[in-house]
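Notes for the one structure printed next.
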Amino acid sequence: MNRILTGIQSSGTPHLGNVLGAMLPAIELSKENESYLFIADLHAITTIKNREILLDNTLKTTAAWLALGLNTTTNILYKQSDIAEVTELMWYLNCIVPYPMLANAHSFKDKLNNLSEVNAGLFTYPVLMAADIILYNANIVPVGRDQLQHLEITRDIAKKFNHLFGETFVIPEAKLKETNVIVPGTDGRKMSKSYNNCISIFADEKILRKEIMGIVTDSKGLNEPKNPQQCNIFQIYQILAPTDDSLTLERKYKNGTIGYGDVKKLLLELILETFRETRCTFNELINNRSHLELELKKGAEIASQTANSVLKKVKNNLGLMGT
């Protein structure tokens, strides 16, 4: 059995893109593998500087995992900051990571035009990510193509440590997401909180409706033929709907027998129906903070055992403690 590791930043309540692109595939993998799933609140503080927002995001992310069906009896769900060993390991790794490796990381290069806004945490982001992975002897890390570089950095760091100090870490392998679901946002770009183009499937229905009705389209009228493959609404609908329903809607686009307003209503109905039970469970969980905290504590206790065992080996190989 492989050990799978997946992390989701607590930078906000998970949106439709997070759910379809990362969370549901991770839950599917967890049914046949041992999975460590963590809420990356340490990563989140590179950008979030508000205590209440960070705490709220963490609890909502926890509630989303549980509402989507993650089994915490057979898998480990924990909060990154509850595992002190991860920041200790990060320091040891920092001492062997060359500057050019971090300077070439996408997470840093994307911010080169605003260096005054780059904090040290953002610069060393890939090292913390490496510590997150190799601290738990993870064999497999599911990633999208845009995340491959960070996993390659992790592999390079682990190999270098093993070369310098002896066999210590399992070298993780990337598992490219087979479906590679990229959910378009309301403006057509990849759905992302940083673009403010998300569909908030756990939000109040009024908010969800407003977001969907705000999806950008071209100016073609009701009776004009339309290209479904160039329509943001259809692209999202197609991911969620049964094939027959998608084909029916596609014909209506091409025949000019449906308008964008009606398609948006269809998408809203589809999302509400698809996630009806999930949304209800999420609302129940978010009002039971003690249960969410208990779930995270339970997961952290198990994750800490693995982390402590690996860190002891790291320190011994470094010469920081006796055998």
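The values are calculated or read from the model by the stated rules, or taken from the named source; none is laboratory data. These numbers were taken from a predicted model, which means no experiment stands behind them. FYI the Cβ positions are ideal-geometry reconstructions off the backbone, even for glycines, and counts take in every protein chain you see.
Summary table
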| read-out | value |
| --- | --- |
| Scope segment 106-115; condition of a type outside the set (Asp, Glu) and over 13 Å from Leu128 (Cα atoms); matching residues | His106, Phe108, Lys109, Lys111, Leu112, Asn113, Asn114, Leu115 |
| Those residues of segment 59-95 which are assigned to a helix (DSSP H, G or I) and of a type in the set (Phe, Trp, Tyr), in sequence order | Trp65, Trp91, Tyr92 |
| Qualifying positions in segment 159-173 - within 27 Å of Met23 (Cα to Cα) and surrounded by fewer than 20 Cβ atoms within 10 Å (Cβ to Cβ) | Val170, Ile171, Glu173 |
| Selection from segment 1-24 of residues that are more than 21 Å from Glu295 (Cβ to Cβ), buried (at least 20 other Cβ atoms within 10 Å of the Cβ) and not hydrophobic (A, V, I, L, M, F, W, C) | His15, Gly17, Gly21 |
| Residue that is farthest from the chain's Cα centre (by Cα), among those in segment 1-52 that are of a type in the set (Lys, Arg) and outside any helix (DSSP H, G or I) | Lys49 |
| Test: residue in segment 303-312 that is over 30 Å from His163 (Cα atoms) and either in the same structural domain as Lys210 (by TED's automatic domain parsing) or at pLDDT 95 or above (or both) | no |
| Selection from segment 190-206 of residues that are surrounded by fewer than 18 Cβ atoms within 10 Å (Cβ to Cβ), under 17 Å from Ser11 (Cβ atoms) and out of contact with any Ser or Thr (no Cβ under 8 Å at 6 or more places or on another chain) | Lys190, Ser192, Ser194, Tyr195, Asn196 |
| Any hit, segment 157-167, residues being more than 23 Å from Ile48 (Cβ to Cβ), out of contact with any Ser or Thr (no Cβ under 7 Å at 6 or more places or on another chain) and outside the structural domain of Val127 (by TED's automatic domain parsing) | no |
| Hits in segment 97-144 (condition: surrounded by fewer than 18 Cβ atoms within 10 Å (Cβ to Cβ) and among the small types (Gly, Ala, Ser)) | Ala103, Ser116, Ala120, Gly121, Gly144 |
| Complete set of residues in segment 234-256 that are out of contact with any Pro (no Cβ under 6 Å at 6 or more places or on another chain) and either among the basic types (Lys, Arg) or farther than 16 Å from Gly17 by Cβ (or both) | Ala241, Pro242, Thr243, Asp244, Asp245, Ser246, Leu247, Thr248, Leu249, Arg251, Lys252, Asn255 |
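A quick yes/no check of all residues on (1) assigned to a strand (DSSP E or B); (2) in contact with a Cys (Cβ under 7 Å, 6 or more places away or on another chain); (3) farther than 18 Å from Ile236 by Cα:
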site	(1), (2), (3)
Gln149	no, no, yes
Thr154	no, no, yes
Lys160	no, no, yes
His163	no, no, yes
Ala174	yes, no, yes
Val181	no, no, no
Ser194	no, no, yes
